[in-house]
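What follows is calculated from the coordinates using simple rules that are stated; it is not laboratory data. Predicted model, so just to flag it, every value in this text is computed and none were measured. Backbone-built Cβ (ideal geometry, glycine too); neighbour counts: all protein chains shown.
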Amino acid sequence: MRDFFKALLFSVAIPVAACLLLVFLILLCIGAFSEANGQGFGVITEEHIIELPEDGSKWYLSVFGSKGDPKTMEVLKWTREHAGLKKLRGQVHFATLDIDSPTFKERYAPGVEGTPMIRLQNAKAAVIYEAHGDQIPYTSSGLYSAVASAVNSSKTDASCPWRDRKRPKPDPKPPVDPDPVPIDDGKAPVLDSPTVPDVNYVFIGICLGVLVLSCVAGAATQYAKEKFLGK
Amino acid sequence: MKFSVFAAVLLLCLAGAPILHEATTVSNGLELPVNPITPVVAERPVINIPMCNREANWGGGSCVHASVVALMRWQNRHALAWYWRKTYTGGESANGLHQKMDEEGVRYAYTVNGDAKFLEWACRTRRGCAVTCRGGKHMVALVHFDNEHAAIIDNNHIDRIQWMSRKRFMSEWHNSNGWAVAVIYAPCAPLKPKA
C-alpha cells in the first residue's frame, strides 16, 4: 500500500505540480514583457477614458414661469414630489426658465402663448404636451395623467412586439446622483398609463337588482289588478 | 309596467352619472391633440446660442473662456457661467483649462488628437464644444457639425455664425492641434416648431 502511494506521488503529483509551476512562470514572463513593450520600463502611463453620454435622443421638459408666480412654484413642486412626474423629470432634459430672463425673451417668448407653461418635446423638437395658464391641470395627478396620455399616444411604434424585449435595463452601481441631472442614454420617457376610472360594479349591481325587482313588482301589481280587481 | 320602465331609466341614468364624472375628471378639461406629432424642421445651427448668451472675448485674449462660458449658458448653467466669466481671464492651454475645470467640479470632456467623432458627438447631443483654430492660437465655439457643413461662433465676432464646409473646418482644426472641449450638462430645449 505504501509503495502504491509512493508510485502515485512520483508518477502523477510531482509531474503535475511541475507543469503548473512551468505554466505560471511562462505567464509571468509574458505579462512582464507585454507591460514593458506597451508602456515603457517603469513608467506609469495614464489612459484617460471618458464615457461620453449618448443622450441625443433624450426628450425635453421645460417649465416657463417666474419665481413670484404661485402656479409656477406649484408646478415645480409637483415635478419634485409627485412620483410619476419626478420619474419623468429624471428621464428627460429638465429645465426651468424665468420669463424675465434674457434667454427666455430672446429665444422662447415668441413661441409661448401664456405662462406659466409646461412643455414636453421629443428629441426632434416636436411638442408632445403643452399647457399654460388655466390649461394646466389643478392637481399633480391630473398633470401626470395628461402628460402620460400624450406621451403614450405619441408612441406610434409601440405596437412592435419585439421592442420591449430589446430595451436595456440599466442597473447603475453606485446609484446615480439625481442632482445634477444624471447623464445617460436618452430615450423617450417611459411613463405609466394614466389611471383609468374604476367602474363601480357594486353600484351598478344594486341598480340592476333594483331594476329587476321593480320590473317584477310592476308585473306582479299589474297581474294582481287584472286577476283580482278586474280591468 | 310604466312604473318599472320609469324606474329602469332613472336607475340607469343614476348609474351612468358617476362614470361620466370620473371621465371628465381624468382629462381635467385639457384638450389633448389627437395626433400631437407635427412635422418639424430641424433648428440650424443645432446649437443655436441666442445672442444674449454669447460671450465676446475679453481682457485681450480670453477666447477659451469666452467659448466655454457661452456653452455653459447654452446648457442652462448660468450661475456657473457667471462665476467663470468673473473668475478667469487671459490665455489658456488645454492642461490649464482642464485643471481649472477639475478644481471647479465642472463636468467636461475633451480631445487633443483631432478626433472628428468627438465633434460629431458634441453636436449630435446638442451640446457643442469649443475648438481650436488659427494654428492653435484661437478658440471658438463649434455650433454645428454634420456630414457636409460646420458652423462656428467666433468670440471676436459674436454677431454672426460662420458656416464652412466640413472638409475646410477639419483641415483648420487639425492644423490647430485638434483640441476640443465640451461641458456636459443639459442643453437648451429646442425651439417649438412653427405650425
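Quick notes
- Over all other residues within a Cβ to Cβ distance under 11 Å of B:R85, the charged ones net out to +1, with Lys and Arg as +1 and Asp and Glu as -1.
- A simple spin-label model places the labels of A:C215 and B:H174 8.6 nm from each other, with each point 7 Å out along Cα-to-Cβ.
- Rounded if a/c under 1.5, otherwise prolate or oblate - segment B:51-183, Cα gyration tensor axes: rounded
- Whole-Hz ³J(HN,Hα) from phi, Karplus 6.51 cos²θ - 1.76 cosθ + 1.60, for segment A:70-85, glycine and proline x: x, 5, 4, 5, 5, 4, 5, 5, 4, 5, 8, 10, 6, 4, x, 5
- Too-long pairs where the Cα-Cα distance tops 32 Å, listed order kept, from A:K71/A:K124; A:K71/B:K192; A:K155/B:K100: A:K155/B:K100
- Average partner coverage of B:109-122, which counts Cβ from other chains inside 10 Å: 1
- FRET efficiency estimate (nearest 0.05) - Cβ-Cβ, A:F203 to A:E74, R0 30 angstrom: 0.35
- Label-to-label distance, nm, for residues given as B:W82 and B:S165 (7 Å Cα→Cβ offset): 4.5 nm
- The mean number of Cβ atoms from other chains found within 10 Å of a Cβ in peptide B:67-77 is 1, as a whole number.
- In this simple spin-label approximation, A:T139 and B:D146 carry label points 7 Å from Cα along the Cα→Cβ vector, and these lie 4.6 nm apart.
- Among B:Q75, B:S176, B:C129 the positive-end extreme of the charge dipole of segment B:51-183 (Cβ point charges): B:Q75
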